[in-house]
Amino acid sequence: MNTLGVYISVPFCRAKCSYCNFASGVFAAGRMQQYVERVCAEVAGVRARDAALQAHLPQQVDSIYLGGGTPSLLAPQQLRQLFAQVRDAFAVSPQAEITLECAPGQITDAVLEEFVRLGVNRISFGVQSFVDQEAAAVGRLHTGQQCRAEIGRVRAAGIAEINVDLIAGLPHQTAESWRTSLEQVVDSGVPHASVYMLEVDEDSRLGNELLAGGARYHAHFVPDEDRTADLYLEACAFLDAAGIDQYEISNFARAGHASRHNCKYWQRQPYLGFGLDAHSMLLTGTGAVRFANSDDLDAYTATGAALEPQTVSRRESLEEAIFLGLRMTEGVDLEHLRNVFGRDALQACATEAETLVQEGLLHQRAGQRIRLTDRGRLLSNEVFARLIDGVPA
Ligand code: SF4
């Protein structure tokens, strides 16, 4: 179905978590209104974009996702302004999935009431850990008790589609404490969970400290890579046993509760992003066009700061289809890719897939559909690289 996902970035947070590598931060409250107005102008301007883009823009929006940052920090009037602008610019399906990312303990009653009025039907909570020592060590501003209460509060308001984010590899995390967080997810009855492994890179304070071998931000209490991988595997097994099945490398859901919006990214369905560092992708036959906004808040607020669109060739599209599709448990249908991209384009990939099956990194079902094994998930970058290596230019 040719539908569109709309993403809006809201980069404001009450405090910056030590592991965070997103374009987000703590800014003066006055900047929020300025920002909302810039995003509204960007949304309103979408119909004035060039004709080539219009030609590839699906007519109906079936998912809206406000991420960040902490969108729940917006005032009710600012939320109304954003949603009114989106509904004015796009035909939003009455069945659209409408998700807001929230920090536990940071949703006022007025904002929660506004969510319901605006048709928000899915909340994604950045819990990361239900264990207080772990949450505090990385600068989260909530306790496990607050997280549990917040899930109940949102559900009581009528929003049943709830996701909980967890991070494996936080400072002070042990197999026992990780089990506590996983049990809390299951006991809470939420239908969706996302489990990420701690990212160690130069874009976060904790990542920098780990790379430098220092001890600030509790870096010396971070489990090593192998233990973090074990925690992740434990989460896969534990959630699966509880009926919260893995449908993507980092995402788990009870039957029928997978995130429509997130699936668009992995299934290469079109989406438009608005706001700071927001990314977009529209399909153009067997190719695509991608574009993004600046990750500099001053530049974005001043001008909208859209970066140059990038054309995605047929070959790159095939690589993306393999790379993104294999993130999903259902995997990739090689026969479907042959039909879209041509038999020759898939030849080397299919041969390499057979080798990877023999090495235990891929499963192959029904002759054509390939998917990662548990071991393949841990070595997914290597598997992706080998599969796309032979794709002809
Ligand atoms: S992890 Fe989330 S809440 Fe924490 S600083 Fe980053 S965007 Fe904000």
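The values are calculated or read from the model by the stated rules, or taken from the named source; none is laboratory data. Because the structure is predicted, anything quoted here is derived from the model rather than measured. In this analysis, Cβ positions are derived from the backbone assuming ideal geometry, glycine residues included, and neighbour counts consider all displayed protein chains. Side chains are part of the model used for accessible areas, which takes the heavy atoms of the whole protein and leaves out ligands, DNA and RNA. Shrake-Rupley method; radii C 1.70, N 1.55, O 1.52, S 1.80 Å.
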- Task: Mind pulling up the Rg/Rh value for the stretch 313-393? Radius of gyration and Kirkwood radius, both on Cα.
- Result: 0.92
- Item | HN-Hα J in Hz across the stretch 328-333 - Karplus 6.51, -1.76, 1.60, θ = phi - 60°, x for Gly and Pro | 8, 4, 5, x, 10, 8
- Query: Taking a Cβ-Cβ separation under 4.7 Å as the criterion for a possible partner, which cysteines of the chain have none?
  - Reply: C13, C40, C102, C147, C236, C263, C349
- Task: Mind ranking L141, L198, L4 by accessible surface for me, highest first, 1.4 Å probe?
- Result: L141, L198, L4
- Name the residue farthest towards the positive end of the dipole of the chain from the options G69, F125, L282, assuming +1 on Cβ of Lys and Arg, -1 on Cβ of Asp and Glu, about the Cα centre. L282
- Spacing of the two label points (7 Å from each Cα toward its C-beta) at E176 and E225, in nm: 2.9
- Given labels modelled 7 Å from the Cα in the Cβ direction, how far is it in nm from D132 to E37? 4.3
- Report the extension gain between A160 and T373 in nm, rounded to one decimal, defined as 0.36 nm multiplied by the number of residues separating them, less their alpha carbon distance. 73.5 nm
- Tell me, what is the percent relative contact order of the stretch 313-393, built from C-alpha pairs under 8 Å that lie six or more residues apart? 36
- Message: Given a Förster distance of 35 Å, report the FRET efficiency between H363 and R153 from their Cβ-Cβ distance, rounded to the nearest 0.05.
- Response: 0.25
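Would you mind calculating the gained length between C236 and D203 on full extension (0.36 nm times residue separation, minus the Cα-Cα distance), in nm to one decimal?
Values: separation 33, 0.36 × 33 = 11.88 nm, distance 2.72 nm.
Extra length available between C236 and D203 comes to 9.2 nm.
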- Ordering 332-344, 150-162 by per-residue average of other C-beta atoms within 10 angstrom, highest first, gives 150-162, 332-344
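Order V200, V186, most accessible first, counting only protein heavy atoms with a 1.4 angstrom probe.
Accessible-area ranking of V200, V186, largest first: V200, V186.
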- Do you know the relative contact order of the chain, to the nearest whole percent, from alpha carbon pairs under 8 angstrom that are 6+ apart? 14
- Query: Put +1 on the Cβ of every Lys and Arg and -1 on every Asp and Glu Cβ in the chain; which of P309, L79, A137 then has its Cα farthest towards the positive end of the dipole?
  - Reply: L79
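So for the stretch 1-127, averaging the separation of alpha carbon pairs under 8 Å that are six or more residues apart and normalising by length, what relative contact order in percent results?
Answer for the stretch 1-127 is 30 percent.
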- Across the Cα atoms of the stretch 3-264, what radius of gyration and what greatest pairwise Cα-Cα distance (Dmax) are found, in Å? 18.9, 56
- Item | Computed magnitude of the charge dipole of the stretch 289-393 (debye, nearest 20; Cβ of K, R +1, Cβ of D, E -1) | 460
- Task: Taking the Cα centre of the stretch 3-264 as origin, sum charge times position over the Cβ atoms of Lys and Arg (+1) and Asp and Glu (-1), and report the length of that vector in debye to the nearest 20.
- Result: 1020
- What is the packing order of peptides 168-176, 124-132, taking the mean over residues of other C-beta atoms within 10 Å and listing the highest first? 124-132, 168-176
- Message: Suppose we keep just the DSSP beta bridges with both residues in the chain; what percent of those would be antiparallel, to 5?
- Response: 40
- Query: So how much slack lies between A44 and F27, counting 0.36 nm per residue of separation and subtracting their Cα-Cα distance, in nm?
  - Reply: 3.6 nm
